[in-house]
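Report on the structure given below.
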Amino acid sequence: MLNSIPVLLSPILAELEVGKHLYWELGGMKLHGQVFITTWLVMGALIVVSLFATRKVERIPSGIQNLMEYALEFIRDLAKNQIGEKEYRPWVPYIGTLFLFIFVSNWGGALVPWKLIHLPAGELAAPTNDINTTVALALLTSLAYFYAGFRKRGIGYFAKYIEPTPVMLPINILEDFTKPLSLSFRLFGNILADELVVAVLVLLVPLFVPLPVMLLGLFTSAIQALVFATLSAAYIAEAMEGHGAEEHG
Amino acid sequence: MTTLWFLATEKGGFGFHFDLLEANLINLSIVIGVLVYFGSKFLGSTLEGRRNTIEEAIRDAERRQSEAKAALAEQQQKLALAKTEAEGILKQAQENAQKAHQAILEQAQVDIERMKASAAQDLSSQQDRVVRDLRQRVVDMALADVQERLPERLTGDIQHRLIDKSIAMLGG
């Protein structure tokens, strides 16, 4: 989709690489290795922080335990707001994983000087700036809301497609495709665009000028993580509740 | 100022690539500095507040627990007291009942004795009266019989003899 665009502005400054990947061959599949490396790093960071936070659980939380409890509370409130008091609890882990993974990926991509590490091809960046990652996450959300809908309403979940009128059937079916599409492209586009803008600005004016854009990028990244998690929760809630014929609430 | 060195020999390998400008190090350190400075302030106060709230809540809960415990102990003491009191009352009542029982029995015994005595007395006095009546009647009947038969048997001749006999007895 995106071809290599070597932007050679000056022989001193390096080229800007887009669409170049570190390919790993695995059973005939070409994997984007740099994405995997950063994904594992993000996962590792999250796991290590979680382990540290829960290693010595105190009654009155302090330090990292307090911070992680604060994060958990935030995620729980997010899920509760979207899904509702009655059903939200089993979905907290999923929503929380989405939020934390995307958030740490985005901020990791924006804050860690990945360019210090040189790869044979491509360069390390936020995992979410690769469309494969975001599509995977969005498809997980699709699976999650189908599962939620079928679990809650059984075969009656299909009634959702002809609500409020059967005329809406094509649009409702289309929605199942547009949801993951919009989710994945929104996240991917925002993160990639942010990184590109920063990279281009850094190429043009290396010092101080990219700062506002970088700060803005941090803000956008956080918001995108929030949006992804919130929308996933909202889709799950929608699948469980249906448009009309609410049994509760 | 480009410093390049590779852990791998070729340009294509993995390596460490130190370039102050290209790696955007200055900007990143500024951004991280800003983030740490403001973030730690905001996050610090938020987390401190959260910690204080939790501490407060725990202390409050503990205080209420101890209060409840104290109240429970107090009430249990009261309960024990009431139980002993109830036992005392029960014992007292049983004693009283026993006493009343005894008293009533004794009274009844006394009454029976008295009634028996009075009945016996009654019987004997009745008997006496009946005997007296009977005597009276026998005497009356005998007198009447005598009076009835006296005139026909007490003739002049007999009267004379009687008087003579009496005189003879007197004079000898």
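Among the residues in the range A:214-221, are any touching a residue at least 24 places away in the same chain (Cβ under 8 Å) and within 30 Å of A:Phe146 (Cα to Cα)? Lay out the reasoning, then the answer.
Filtering the range A:214-221 for residues touching a residue at least 24 places away in the same chain (Cβ under 8 Å) gives A:214, A:217-218, A:220-221.
Then keep just the ones that are within 30 Å of A:Phe146 (Cα to Cα); that gives A:220-221.
Scanning the range A:214-221 turns up at least one residue that is touching a residue at least 24 places away in the same chain (Cβ under 8 Å) and within 30 Å of A:Phe146 (Cα to Cα).
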Going through the range A:105-125 in order, the residues found to be modelled with pLDDT of 90 or more and either away from chain B (no Cβ under 14 Å) or surrounded by fewer than 18 Cβ atoms within 10 Å (Cβ to Cβ) (or both) are A:Ser105
Of the listed residues (A:Lys179, A:Lys160), the one being in contact with a His (Cβ under 9 Å, 6 or more places away or on another chain), charged (D, E, K, R) and at negative phi is A:Lys160
Of the candidates A:Gly63, A:Gly108, A:Gly96, A:Gly33, the one satisfying the condition of being of a type outside the set (Ser, Thr, Tyr) and closer than 27 Å to B:Arg59 by Cβ is A:Gly63
Within the range A:36-56, the residues that are within 13 Å of chain B (Cβ to nearest Cβ) and either touching a residue at least 24 places away in the same chain (Cβ under 8 Å) or loosely packed, with under 13 Cβ neighbours inside 10 Å (or both) are A:Ile37
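Among the residues of the range A:79-93, which ones are buried (at least 20 other Cβ atoms within 10 Å of the Cβ) and of a type outside the set (Gly, Ala, Ser)? Give the steps one after another, and end with the answer.
Step one: of the range A:79-93, the residues buried (at least 20 other Cβ atoms within 10 Å of the Cβ) are A:79, A:82-83, A:88, A:91.
Within the range A:79-93, A:Gln82, A:Ile83, A:Tyr88, A:Trp91 meet the criteria.
Go through the range A:127-139 and count every residue that is crowded, with 16+ Cβ neighbours inside 10 Å and either more than 16 Å from A:His21 (Cα to Cα) or within 14 Å of chain B (Cβ to nearest Cβ) (or both). It would help to see each step written out before you state the result.
Initially, the range A:127-139 is screened for residues crowded, with 16+ Cβ neighbours inside 10 Å, giving A:127-131, A:133-135, A:137-138.
Then keep just the ones that are either more than 16 Å from A:His21 (Cα to Cα) or within 14 Å of chain B (Cβ to nearest Cβ) (or both); that gives A:134-135, A:137-138.
Final tally of qualifying residues: 4.
The values are calculated or read from the model by the stated rules, or taken from the named source; none is laboratory data. This structure is a prediction, so every number in the text was calculated from the model and none was measured. Virtual Cβ from ideal backbone geometry, glycine too; neighbours counted across all protein chains shown.
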